[in-house]
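First the structure, in the form of structure tokens, and then the observations on it.
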Amino acid sequence: MQTSEQTLNDILALAAAHFKVPREKLGPDDDFFKTLKIDSLQALDLLTKLENHFHVELPDYELQGVSDFRTLASRIQSRL
Amino acid sequence: MLNLDQYNCLGAALRDALDRWPNETCLIESDRNREKSRLTYSDFKDLALPLARALQDADFRPGERAAIIMSNQSKWLVTAYAIFYCGGVVVPLDYKLTASEQLQLVAHSKAKVLITEYHLWRAMTQAPEFDNRAVKTVLVTEAPLRADLSGAFRWEEYRRKGDPVFESRSREDAACIVYSSGTGGRPKGCVLTHENYLEQCKALTAWYPFWPGVRYLSILPTNHAIDFMVGFIGPFVCGACVVHLRTLRPEFVRDAFVKYKITYVSLVPMVLKNLERGLRGKFDELSTVKRFLLNRMIGLNKAMTRRRANVKLSRKLLPQVHEAFGGELLALITGGAFVEPSTLQFFYDLGIPVVNGYGLTEAGTALTLNDLKPFRADTVGKPLPGVELRILNPDGERIGEVAAKSRTIMSHYLDEPELTAETIVDGWLLTGDLGRFDKNGHLQLFGRKKNMIVTEGGKNIYPEDIETVFDGLPVKESCVFAANYVWKAKALGQEMLVLVLRLEEGQEFGEALKNEIVSRNRRLPDFKRVQGYMVWNKDFPRTASMKIKRTILAEEIAGSVDRATVAEL
């Protein structure tokens, strides 16, 4: 199983690719709504991408209150 | 549809609806690619009545309150009907609030019963405000088999045999208590009566009717006034069907239009903009020839529907666009916040009318709606039947505060007689919104008199409610304003919250302070966050009881600095 750090790095890379921003612009503690300039629906879109990549299923409410990549990574890691 | 004039309460109207269309489908619930359930009006009744009986056996009495905190699903409506059947008052609460906020509103409403989802209940039991004696009966849905329910009952098992007693209510009795704001500061619980809902339903369906076979896609949260009316009461009293999605992910929402051949859907502006972005992206991918042909057909559709919408014709002219929406869509309904006219026009030009309106929780659901005769992207439409609107103290441009009188206006704010007296004066609801009528009787909105914002997601945010999160910041004092309240914009849109900081003598604004602000801001749900900050160099004016004189402070700030001084957070 991959480590939390690998999960976090994968998420940052996938988010950068999905929203077409340079990977180095994204930090683990960044607020993804602000850094990526996205709304909550686009965040749900990203979540679907991440689910497909990690082969997990996260209900919409898992994203409630989550706005930084590190917390998102921990939610995904707990289901791997 | 049922003749609503003959009913005194929602429970009686819904009861007749269940008997009138027993074999029609009333609810479809879908989760991603899987349909979870499909209920006829008769199935709905079979689910709701044993629940009503169990509630009555648990001593739930007419006039008592029951809070519902659930995402959109069949159980939400089944539960609400069971509460109405018992003569109870429904308190619909937002499932997206934090557990602490939910507990605060449940306590404020004095609900005797709470019905919620298991994961929400689990979060509430772990919140510091949790008191297991506050609510007498708690029902939770979809709890895992061996879960610790902390005193709650399983919704799925909470039913009793035997006919419940139908408890009729009068038109003046409370039907729902809907919170328009106020989790941090002063909770504003709008007490809406059975009369309010019955009259609102009559007015809305006079312009936009439902009938058996109509399918309404319920995306807005059901606790929201619009979805409660258009995604529950309206379709049910007409024998129509409501489709619930347990996910709001865009790809599944798009699929639902096609899979269920949706007739109407209500959307907040944010979702509408997302749809527009998706469609524009698709159009950009077309080859030059196809794009040219599409533009020609859009131009033709525009010309032929200038005076009046003609969806049937538009479907023939732009079949691919309409098929992407399932081919049966009659209109998108939007409201709750400002919508860019260009977005409305984009959809109308494709032959998909967007019914734009204006309303507030205090007024039931809607006060005005676009009647599409002709379509106007620059207004929020005309007053609905039975609604009187006035512009108070108009200025030279005829712009003033919008006041409303209607049988749909709430009875009062719960336990707030002073606030009620300030808001409803001589039977007129003072909306706090600035507007004027054009020569065709359409209402145009021009901003707010109140210090508040309405997000693109349709949420009302009052700065006072979120200030507590910044209490204790290492500065002399701080407060939050709606930017358009300080710098009067005479326009809607571009709404943002601004944190105003007064630093200590000799204090510099540094990175540490900024990080502290960012970290505190993150404790708020994303839609409540402050987007900008500014440093103010004078002490805040205060009353004798040390409350900030907000109007004066806002005027002082606007008089000395420009909106451009607000730094992005």
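Values in this text are rule-based calculations from the coordinates and carry no lab data. Bear in mind the structure is a predicted one, so any value in this text is a computation, not a measurement. Neighbour counts run over all protein chains shown; Cβ positions are idealised from the backbone, glycine included.
Would you mind checking which residues have amide H under 5 Å from B:Ala366's amide H? H placed 1.01 Å from N; only 5 or more apart, or other chain.
none
Relative contact order of segment A:4-77, please, whole-number percent, based on alpha carbon pairs below 8 angstrom and at least 6 residues apart. Mind dumping the intermediate values first?
Values: 62 pairs, mean separation 31.2, N = 74.
Reported relative contact order: 42 percent.
Which of B:His108, A:His55 has the fewest other C-beta atoms within 10 Å, and how do the rest follow up to the most? The partial results should precede the final answer.
On the way: B:His108 19, A:His55 8.
Exposure proxy ranking, most exposed first: A:His55, B:His108.
Share of antiparallel DSSP beta bridges in segment B:5-151, in percent to the nearest 5?
Working: 6 of 19 bridges.
If we restrict to bridges inside segment B:5-151, about 30 percent are antiparallel.
How many nm separate the modelled label positions at B:Asp94 and B:Ser170, each set 7 Å beyond the Cα in the direction of the Cβ?
With each label point 7 Å from Cα toward Cβ, the separation is 3.4 nm.
Taking every DSSP beta bridge that has both residues in the protein assembly as shown, what percent is antiparallel when rounded to the nearest 5?
Values: 45 of 82 bridges.
Among the beta bridges of the protein assembly as shown, antiparallel pairing accounts for roughly 55 percent.
For B:Arg122, what charge total do you get from the other residues with a beta carbon under 14 Å from its beta carbon, if Lys and Arg give +1 and Asp and Glu give -1?
Working: positive: B:Arg146, B:Arg154; negative: A:Glu62, B:Glu117, B:Glu142, B:Asp148.
Net charge around B:Arg122: -2.
Any idea how far apart B:Arg308 and A:His53 come out in nm if each label point goes 7 Å out from Cα toward Cβ?
Reported label-point gap for B:Arg308 and A:His53 is 5.3 nm.
Using the crude model of +1 on Lys and Arg Cβ and -1 on Asp and Glu Cβ, and no other charge, please compute the dipole size for the protein assembly as shown relative to its Cα centre, in debye to 20. It would help to have the intermediate numbers written out before the result.
Values: 85 positive and 82 negative charges, 389 e Å.
The dipole magnitude comes to about 1860 debye.
For segment B:407-450 and segment B:105-172, write down the distance between their C-alpha centroids in whole Å.
Taking the Cα centre of segment B:105-172 as reference, the centre of segment B:407-450 is 34 Å away.
Measuring from label point to label point, each 7 Å out along Cα→Cβ, what is the B:Val258 to B:Ser42 span in nm?
According to this spin-label approximation, the distance is 3.4 nm.
Packing-wise, with mean Cβ within 10 Å as the measure, how do B:297-308, B:462-473 rank, highest first? Don't skip to the end; give the middle numbers.
Working: B:297-308: 14.7, B:462-473: 17.6.
Sorting B:297-308, B:462-473 by mean packing, highest first, produces B:462-473, B:297-308.
Roughly what % of DSSP beta bridges within segment B:462-568 run antiparallel, to the nearest 5?
Numbers: 9 of 13 bridges.
Around 70 percent of the beta bridges assigned by DSSP in segment B:462-568 are antiparallel ones.
Would you tally the net charge around B:Lys476, using a Cβ to Cβ cut-off of less than 12 Å, leaving B:Lys476 out, and scoring K and R as +1, D and E as -1?
-2
For B:Lys459, list the lysines whose Cα falls under 20 Å from its own Cα; do not include residues on the same chain fewer than 8 positions away.
Candidates past the 8-residue exclusion: A:Lys34, A:Lys37, B:Lys96, B:Lys188, B:Lys273, B:Lys449, B:Lys450, B:Lys528.
How do B:Asp19, B:Asp371, B:Asp433 line up, fewest other C-beta atoms within 10 Å first? Walk me through the numbers on the way to the answer.
Details: B:Asp19 11, B:Asp371 17, B:Asp433 23.
Ranking B:Asp19, B:Asp371, B:Asp433 by Cβ neighbours within 10 Å, fewest first, gives B:Asp19, B:Asp371, B:Asp433.
Sort segment B:451-498 into rounded, prolate or oblate with this rule: let a ≥ b ≥ c be the square roots of the eigenvalues of the Cα gyration tensor; rounded if a/c is under 1.5, and if a/c is not under 1.5, prolate when a/b is larger than b/c, oblate otherwise. Please report the intermediate quantities before stating the final value.
On the way: a/c = 3.26, a/b = 1.73, b/c = 1.88.
Oblate is the answer for segment B:451-498, as a/c is 1.5 or above yet b/c matches or exceeds a/b.
Taking amide hydrogens as modeled 1.01 Å from N in the peptide plane, which residues meet the under 5 Å criterion relative to B:Asp371, leaving out close sequence neighbours?
B:Lys382
Quick check on packing: order B:276-285, B:520-529 by the mean number of other C-beta atoms within 10 Å, highest mean leading. Intermediate results must be reported in sequence, preceding the final value.
Numbers: B:276-285: 12.5, B:520-529: 19.6.
Descending packing order for the listed peptides: B:520-529, B:276-285.
Counting pairs of alpha carbon atoms under 8 Å apart in space and at least six apart in sequence, what relative contact order in percent does segment B:462-568 give? Mind dumping the intermediate values first?
On the way: 132 pairs, mean separation 30.9, N = 107.
In percent, rounded to a whole number, it is 29.
Just check the protein assembly as shown against the gyration tensor rule for me: Cα atoms, a ≥ b ≥ c as the square roots of the eigenvalues, rounded for a/c under 1.5, and otherwise prolate or oblate depending on whether a/b exceeds b/c.
Values: a/c = 1.17, a/b = 1.13, b/c = 1.04.
The shape class here is rounded.
For B:Gln507 and B:Ala127 in the same chain, what is the full-extension length gain: residue separation times 0.36 nm, less their Cα-Cα distance, in nm? Each step should come with its number before you reach the end.
Numbers: separation 380, 0.36 × 380 = 136.80 nm, distance 3.60 nm.
Result: 133.2 nm gained on full extension.
Rg and Dmax of segment B:51-195, using alpha carbons, in Å: what are they?
Reported Rg and Dmax, both Å: 14.5, 44.
Excluding B:Ile352 itself, calculate the net charge of residues whose Cβ lies under 11 Å from the Cβ of B:Ile352, where each Lys or Arg counts +1 and each Asp or Glu counts -1. It would help to have the intermediate numbers written out before the result.
Working: positive: B:Arg315; negative: B:Glu276, B:Asp349.
Around B:Ile352, the surrounding residues sum to -1.
Per-residue Cβ counts within 10 Å, from other chains only, averaged over A:29-39: what number is that? Please list the in-between numbers first.
On the way: counts 3, 0, 6, 1, 3, 8, 0, 0, 0, 0, 9.
The mean count of partner-chain Cβ atoms within 10 Å per residue comes to 3.
For chain B, calculate the relative contact order in percent as a whole number, restricting contacts to Cα pairs under 8 Å that are 6 or more residues apart. Write down the numbers at each step before the final one.
On the way: 1141 pairs, mean separation 63.3, N = 569.
So the answer I get is 11 percent.
Please name which of B:Cys201, B:His108, B:Ala554 has its Cα lying farthest along the dipole of chain B towards the positive end, using unit charges on Cβ (Lys, Arg +1; Asp, Glu -1) and the Cα centre as origin.
Going by the Cα projections, it comes out as B:Cys201.
Please state the shape class of segment B:268-448: rounded when a/c is under 1.5, otherwise prolate if a/b exceeds b/c and oblate if not, all from the C-alpha gyration tensor.
Note, shape of segment B:268-448 comes out prolate.
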